[in-house]
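Novice: What follows is a single structure, and I will ask about it in a moment.
The values are calculated or read from the model by the stated rules, or taken from the named source; none is laboratory data. Because the structure is predicted, anything quoted here is derived from the model rather than measured. Here the Cβ is made from the backbone with ideal geometry for all residues, glycine too, and neighbour counts use every protein chain on show. Only protein heavy atoms, including side chains, enter the accessible area calculation; ligands, DNA and RNA are left aside. Shrake-Rupley method; radii C 1.70, N 1.55, O 1.52, S 1.80 Å.
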Amino acid sequence: MPASCPVTGAASGPVPELFSWEFASDPYPAYAWLREHAPVHRTTLPSGVEAWLVTRYADARQALADQRLSKNPVHHAEPGKTGIPGERSAGLMTHLLNIDPPDHTRLRRLVSKAFTPRRVAAFAPRVQELTDRLIDDFAARGSADLIHEFAFPLPIYAICDMLGVPAEDQDDFRDWAGMMIRHGGGPRGGVARSVKKIRGYLAELIHRKRQELRQDGDDDLISGLIRASDHGDHLTEAEAVAMCFVLLFAGFETTINLIGNGTYALLRDPGQRALLQRSLAAGETGLLETGVEELLRYDGPVELATWRYATTGLTLGGQAIPAGDPVLVVLAAADRDPDRFGAPDTLDLARRDNQHLGYGHGIHYCLGAPLARLEGQTALATLLTRLPDLRLGADPDELRWRGGLIMRGLRTLPVEFTPSAPPQRV
């Protein structure tokens, strides 16, 4: 991740260095400086694009819901330099992260049926089954890399199941997704190749499912989107492919980081971790639920909200933003704003007043948040119950965070624990 050059702020000297590897390890001091001295700050990103960073909670919440800030890259002079690498060349632009109403309203309505509380609750046994199976694979060994062996495959297999990707093809998805993770902070070409492979597979799968569709079965998301399209909701095949792609893309990396960052935070705070373990041992769920929300606030999986573009000149946080300029809302900074959260740099799993922005706000609030919460709660509860003496297997200073602009997550998370045999299951 290239380092940015220090820039002089209007109020108080040089801005802390942004986007360096050191910054990635702990961006929160720099974000605190920006909140205080330059809360809406124009900077040059590693890609060379100039954009505004919004760091205060009140401004962030306003920006996330401001209809003058479009999600459509056509409003930017160089749309190929923003968004998901490779999506433009692969014909994947017409998805929820790139469109505004009324198309956004239509597409979100179609796909929202897959993430109702009832449907997510019905998926809970499958998430638990996947969680147990993955832990079984390393429980007897006494050590593991929780990113590659647990946090990464769990959401991949879960979203593949929900989409309707056949079991025999899911390891291919795991490989392609792995390429996207590994290349996330490096050359865009590595991600673009994975995007092209995923796009080709999804197009073929959607075509095949359309040919074989049964009206009384096939309860997966892709089949549901095809039925909606066939019944007059005007979902084109290109839209269906783009929709499935963004659900996969957004649905796995956020959950990887939620599980990885959350576990890491708990391992570094023995008091909070012990509190949660006692609550779980007592059969309670309340602290687990508030705890996952706090982990989303404290060191969440999405550092910056996805791209927005000013469709007209506007003022945000007292700063004039010209039409066409990109705006990036820094969720990680907003969620540690002391004007909104008491003791914001302290992990408090019992925190109640916690309207964090970890999954956004407004019409673009994360559609898959209920599934991610289910996966996060299941993963953390099962890890802490089955591996009660879980501990870091490396010095925190040795851990490295993945490069990239939007997401925040560890490359690896080595852990150690007392080996245990997998339980016998019927």
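Novice: Just checking, which of 343, 320, 274 is among the small types (Gly, Ala, Ser), more than 23 Å from the chain's Cα centre (by Cα), modelled with pLDDT of 95 or more and assigned to a strand (DSSP E or B)? Before the answer, list the steps.
Specialist: Working: 343 fails: assigned to a strand (DSSP E or B); 274 fails: assigned to a strand (DSSP E or B).
On inspection, the qualifying residue turns out to be 320.
Novice: Can you go through 63, 24, 32, 58 and tell me which one is surrounded by fewer than 17 Cβ atoms within 10 Å (Cβ to Cβ) and either within 19 Å of residue 331 (Cβ to Cβ) or modelled with pLDDT under 95 (or both)? Give the derivation first.
Specialist: Values: 63 fails: surrounded by fewer than 17 Cβ atoms within 10 Å (Cβ to Cβ); 24 fails: surrounded by fewer than 17 Cβ atoms within 10 Å (Cβ to Cβ); 32 fails: surrounded by fewer than 17 Cβ atoms within 10 Å (Cβ to Cβ).
Residue meeting the stated conditions: 58.
Novice: Still on this structure: In the range 144-160, which residues are more than 15 Å from the chain's Cα centre (by Cα), aliphatic (A, V, I, L, M) and closer than 12 Å to residue 259 by Cβ?
Specialist: Of all residues in the range 144-160, those more than 15 Å from the chain's Cα centre (by Cα) come to 144-146, 148-150, 157, 160.
From what is left, the residues that are aliphatic (A, V, I, L, M) are 144, 146.
Passing the criteria: only 146.
Novice: Considering each residue of the range 390-426, count those that are among the hydroxyl-bearing types (Ser, Thr, Tyr) and either under 23 Å from the mean Cα position of the chain (by Cα) or surrounded by 16 or more Cβ atoms within 10 Å (Cβ to Cβ) (or both), and give that number. Quick ask: steps written out before the conclusion?
Specialist: Let us first name the residues in the range 390-426 that are among the hydroxyl-bearing types (Ser, Thr, Tyr), namely 412, 418, 420.
Now restrict to residues that are either under 23 Å from the mean Cα position of the chain (by Cα) or surrounded by 16 or more Cβ atoms within 10 Å (Cβ to Cβ) (or both): 412.
Final tally of qualifying residues: 1.
Novice: Would you confirm whether or not the range 376-389 contains a residue that is part of a loop (DSSP other than H, G, I, E, B), open to solvent by 30 Å² or more (accessible area, probe 1.4 Å), touching a helix residue (DSSP H, G or I) at 6+ places or on another chain (Cβ under 7 Å) and not aliphatic (A, V, I, L, M)? First the steps, then the outcome.
Specialist: Let us first name the residues in the range 376-389 that are part of a loop (DSSP other than H, G, I, E, B), namely 387-389.
Now restrict to residues that are open to solvent by 30 Å² or more (accessible area, probe 1.4 Å): 388-389.
The next check asks that each one be touching a helix residue (DSSP H, G or I) at 6+ places or on another chain (Cβ under 7 Å); those that pass are 388.
With the extra rule that they be not aliphatic (A, V, I, L, M), the set shrinks to 388.
Yes, the range 376-389 contains a residue that is part of a loop (DSSP other than H, G, I, E, B), open to solvent by 30 Å² or more (accessible area, probe 1.4 Å), touching a helix residue (DSSP H, G or I) at 6+ places or on another chain (Cβ under 7 Å) and not aliphatic (A, V, I, L, M).
Novice: Follow-up. Do you know which residues across the range 97-109 are outside any loop (DSSP other than H, G, I, E, B) and surrounded by 20 or more Cβ atoms within 10 Å (Cβ to Cβ)? Working first, answer last.
Specialist: Within the range 97-109, the first condition is being outside any loop (DSSP other than H, G, I, E, B), and the residues that meet it are 103-109.
Passing the criteria: only 107.
Novice: Cβ contacts < 8 Å: first residue within 25 Å of residue 96 (Cα to Cα), restricted to the range 108-133; second residue open to solvent by 60 Å² or more (accessible area, probe 1.4 Å) and in a helix (DSSP H, G or I), any location; separation 6+ or different chain. Result?
Specialist: Final answer for the pair search is 108/363; 119/113.
Novice: Moving to a separate point now. (1) open to solvent by less than 20 Å² (accessible area, probe 1.4 Å); (2) out of contact with any Leu (no Cβ under 9 Å at 6 or more places or on another chain); (3) within 27 Å of residue 21 (Cα to Cα): which one isn't true of residue 371, the others all being true?
Specialist: (3)
Novice: Based on this model, can you work out whether residue 311 counts as β-branched (Val, Ile, Thr), touching a residue at least 12 places away in the same chain (Cβ under 8 Å) and open to solvent by 20 Å² or more (accessible area, probe 1.4 Å)?
Specialist: On the way: β-branched (Val, Ile, Thr): yes; touching a residue at least 12 places away in the same chain (Cβ under 8 Å): yes; open to solvent by 20 Å² or more (accessible area, probe 1.4 Å): yes.
Spelling it out, residue 311 is indeed β-branched (Val, Ile, Thr), touching a residue at least 12 places away in the same chain (Cβ under 8 Å) and open to solvent by 20 Å² or more (accessible area, probe 1.4 Å).
Novice: Can I ask one more? Within the range 291-305, how many residues are closer than 18 Å to residue 371 by Cα, part of a helix (DSSP H, G or I) and open to solvent by 20 Å² or more (accessible area, probe 1.4 Å)?
Specialist: 1
Novice: Within the range 306-317, track down each residue that is in contact with a strand residue (DSSP E or B) (Cβ under 8 Å, 6 or more places away or on another chain), part of a loop (DSSP other than H, G, I, E, B) and over 21 Å from residue 365 (Cβ atoms). Don't jump to the end; show me each part of the working.
Specialist: If we filter the range 306-317 for residues that are in contact with a strand residue (DSSP E or B) (Cβ under 8 Å, 6 or more places away or on another chain), which is where we start, we get 307-311, 313-317.
Add one more test, that the residue is part of a loop (DSSP other than H, G, I, E, B), and what stays is 307, 311, 313, 317.
Of everything in the range 306-317, those that are in contact with a strand residue (DSSP E or B) (Cβ under 8 Å, 6 or more places away or on another chain), part of a loop (DSSP other than H, G, I, E, B) and over 21 Å from residue 365 (Cβ atoms) turn out to be 313, 317.
Novice: Related question: From the list 278, 340, which residue is open to solvent by 50 Å² or more (accessible area, probe 1.4 Å), farther than 23 Å from residue 58 by Cα and charged (D, E, K, R)?
Specialist: Values: 340 fails: farther than 23 Å from residue 58 by Cα.
Checking each option against the conditions leaves just 278.
Novice: A further question on this structure: Need pairs with beta-carbon distance below 6 Å; first residue among the β-branched types (Val, Ile, Thr) and within the range 413-424, second assigned to a loop (DSSP other than H, G, I, E, B); sequence gap 6+ or separate chains.
Specialist: 415/390; 415/393; 418/389
Novice: Here are 136, 171: which of them is open to solvent by 20 Å² or more (accessible area, probe 1.4 Å) and at pLDDT 90 or above?
Specialist: Values: 171 fails: at pLDDT 90 or above.
Among 136, 171, only 136 is open to solvent by 20 Å² or more (accessible area, probe 1.4 Å) and at pLDDT 90 or above.
Novice: The conditions are (1) surrounded by fewer than 18 Cβ atoms within 10 Å (Cβ to Cβ); (2) closer than 20 Å to residue 249 by Cβ, and residue 116 fails exactly one of them. Which is it?
Specialist: Evaluating residue 116 over (1) surrounded by fewer than 18 Cβ atoms within 10 Å (Cβ to Cβ); (2) closer than 20 Å to residue 249 by Cβ leaves (2) as the failure.
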